[in-house]
Structures are given as C-alpha cells and as structure tokens.
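Heads up: the structure comes next, in structure tokens.
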Ligand SMILES: [Zn+2]
C-alpha cells in the first residue's frame, strides 16, 4: 500500500549533509533540480527519514505488542536473526544480510521535497564537545536552517499489512522525537485510501485519524 506524508519543522530544521559552502559549515541537503541545469533543490533523503522512523519504532514496538530484538547496531542484526523469523522492527525496516532474500525491508520511503521554495537562514552556534557536552571553547560554526512551517512531501510504500500498526506508531512517535540536527518536526498523512482500507475496523484506525492532522501547530 502507498500513502503520502508531509513533514514540517516545528523548530528551525536542519538535515545536514549538503556540500559545504562559503560561510556555511553544515549545509542542508541539496540535490540537482530535475530539468533545471545548474539549479539545486533542498530535500530530505528518504534514508534519513527511514532511519529516524526505525529509532522511533524501536522505542515503542514492545509496549504495543510488537517484537523487537533490542539490537541497534546494524552490524549485529544478521547474526541476531540468523535463524527463524526476524523481529517485527527488523522485518519492517530490513537489515544488512549476505544471504539472498534475507533482511529485505517491507517499507520504502521516497525522498521528501519542499512544497514551495524555502528561504534558508544561516545561524551561528557554539560547538558542543561530544565528550564533555560542554561548549568547546571559542568554537563557533554556521548551520543552514529552513524556517519552521515549510512543508516537505514524500511517499511511503508498505508491503506487509500486518506491520501497519507498527508503522503508524513509529510515525506518531517521530513527532515527539529529535530529527536531523536536533530539530523537531510535525508530520501528517494524506492520500491514504489504501492505508485506511488496511486499518479500518482495527485498533489502529484512531491513530490513523490522528496522523491526518498536524499535531504541533494550527495551520500557519
Ligand atoms: Zn531485530
């Protein structure tokens, strides 16, 4: 089944990884704009969104009766699931495997592109030392942010209907989590007729209704 997801920053949004530019240490992800020579567009890679969704699913799976192996290191997942059926989180998100047909994800996430052209802003921050969690003395760096409220749109495909509850739980949990470089995002599900068909009459229908509305803010 396929449905659309819209994302928007509740705070300033930075998904780093873009090519460094003069005066910018951490640039927002960009790619060549299709059909426009020399033009770039901001985007959120599907892999970034899927990774964040996996962490969210890992936190909530067991509380709602889904199986989770507890392993977060991708290098150890194959060993963990050498025999038998993998846990629900690994079935949904997949895991690296050398064996044919093993570890294949049931979930596909497209890249997210902005609904309208964003006007980014550069913010100077104090670098935090990863070990002491204190400000590294005198070190400043510039991040490229997209202001709150700018919407990005992407698509999600789910292959196994029995994992739909875990997917909806992860989407809901992601709205309470950190995304990218410490940002908070809101998200909303739309064009979800196939999804509704899969959850109608189940305990997940209320959650789907909730996911159709922005959680954090009224329309800007
Ligand atoms: Zn697992």
Could you work out how much longer the chain between residue 83 and residue 176 gets when fully extended? Use 0.36 nm per residue separation minus the Cα distance between them, nm to one decimal. 30.0 nm
Using a basic spin-label model with each label point 7 Å from the Cα along Cα→Cβ, how many nm lie between residue 98 and residue 63? 3.8
Rounded to the nearest Å, the spacing of the alpha-carbon centers of the range 182-200 and the range 66-105 is 25
At a 10 Å Cβ-Cβ cut-off, how would you order 205, 29, 1, fewest neighbours first? 205, 1, 29
Computed [θ] at 222 nm, deg cm²/dmol, the chain (DSSP H ≥ 4; -39,500 (n - 2.57); rounded to nearest 500): -6000 deg cm²/dmol
In degrees from 0 to 90, rounded to the nearest 10, what is the angle of the helix 164-174 Cα long axis to the longest principal axis of the chain? 30
Rank these for me by crowding, 108, 179, going from fewest to most other beta carbons within 10 Å. 108, 179
Plugging the Cβ-Cβ distance of residue 41 and residue 190 into 1/(1 + (r/R0)^6) at R0 = 22 Å yields, to the nearest 0.05, a FRET efficiency of 0.55
If eta is 1.002 mPa s and T is 20 °C, what Stokes-Einstein diffusion coefficient results for the chain, Kirkwood Rh from Cα pairs, in µm²/s? 113
Net lengthening on full extension, residue 203/residue 72 (0.36 nm per residue, minus Cα-Cα): 44.4 nm
Pairs of alpha-carbon atoms within less than 8 angstrom and 6+ residues apart define the contacts here; what relative contact order does the range 1-107 have, in percent? 13
If I take every Cα pair under 8 Å that is 6 or more residues apart in the chain, average their sequence separation and divide by the length, what percent do I get for the relative contact order? 33
Out of 149, 35, 103, a Gaussian network model of the chain with alpha-carbon springs under 10 Å gives the largest mean-square fluctuation to 35
Return 47, 55 ranked ascending by Cβ neighbour count within 10 Å, so the fewest neighbours appear first. 47, 55
For the range 176-220, what is the relative contact order in percent, using Cα pairs closer than 8 Å and at least 6 residues apart in sequence? 40
Full extension from residue 162 to residue 11: what is 0.36 nm times the residue separation minus their Cα-Cα distance, to one decimal in nm? 51.0 nm
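FYI, it's all coordinate maths here, none of it is from the lab. Quick caveat: nothing in here was measured; it's all calculated off a predicted structure. Here Cβ is always computed from backbone atoms with ideal geometry, including for glycine, and neighbour counts include all displayed protein chains.
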